[in-house]
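Notes for the one structure printed next.
The values are calculated or read from the model by the stated rules, or taken from the named source; none is laboratory data. Everything numeric in this text was worked out from a predicted model, so none of it was measured. Because the Cβ atoms are built from the backbone with ideal geometry, glycine has one as well, and the counts that use them run over all protein chains shown.
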Amino acid sequence: MKKEESYCKIAWVMTLKWQIVVFSGFILIFLLAAGCHDSSSSGTAERTALSGQKIFRQYCVNCHGARGNLGLNGAGDLTQSELGLESRIEIIRHGKNTMTAFSTVLSDKEIQKVATYTLELNDSL
Ligand code: HEC
């Protein structure tokens with residue numbers, strides 16, 4: 001009787017060990033997956049590849065709205081604007097009245113992209 005009991009205990013400890021091995025294996029896979037996900041979403045390549053639309057959605061919709069015609073706080077209606085690319089770039093870079101300047105926030109390239117995107121807002125209506 002006693003012998004059988006101790007055999008059971010050994011078997012129990014063995015399965016426990018296997019459970020730990022399998023469990024930590026899962027954790028390892030999970031961590032690897034999380035690590036891969038992290039590095040792909042915060043890569044610098046993605047940041048420099050931001051499209052004009054993404055920049056607009058991130059920085060400009062508060063005042064101009066998703067379609068550019070919200071006109072909050074006296075913001076110009078971008079769908080009605082007759083300004084050319086160069087003047088838009090100037091306004092975005094240096095700001096105008098209540099519009100904040102973006103030269104410290106966005107790179108020249110990003111400003112050019114988002115300015116080009118505001119020109120497209122005209123056509124989309
Ligand atoms: C804090 C609110 C605010 C934010 C944020 C903002 N704007 Fe403006 N924007 C304005 C206001 C107000 C005007 C009108 C300025 C004026 O003529 O007095 C304006 C004007 C403009 C004009 C000129 C329109 C015209 O025909 O006169 C452009 C182009 C423009 N914004 C683009 C952008 C872009 C692109 C962004 C994002 C990078 C942006 N704005 C973010 C408030 C904002």
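Observations on the structure shown:
- Among (1) assigned to a loop (DSSP other than H, G, I, E, B); (2) at pLDDT below 95; (3) loosely packed, with under 15 Cβ neighbours inside 10 Å, the one test that Ser103 misses: (2)
- With respect to the conditions (1) within 10 Å of the ligand (Cβ to nearest atom); (2) surrounded by fewer than 12 Cβ atoms within 10 Å (Cβ to Cβ), Asp108 falls short on a single one, namely (1).
- Taken as a whole, the structure places Asn73 among residues that are within 8 Å of the ligand (Cβ to nearest atom), in contact (Cβ under 8 Å) with a residue 24 or more places away in the chain, surrounded by fewer than 14 Cβ atoms within 10 Å (Cβ to Cβ) and part of a helix (DSSP H, G or I).
- Restricting region 80-100 to residues that are among the acidic types (Asp, Glu) and part of a helix (DSSP H, G or I), the residue that is nearest to the ligand (Cβ to nearest atom): Glu90
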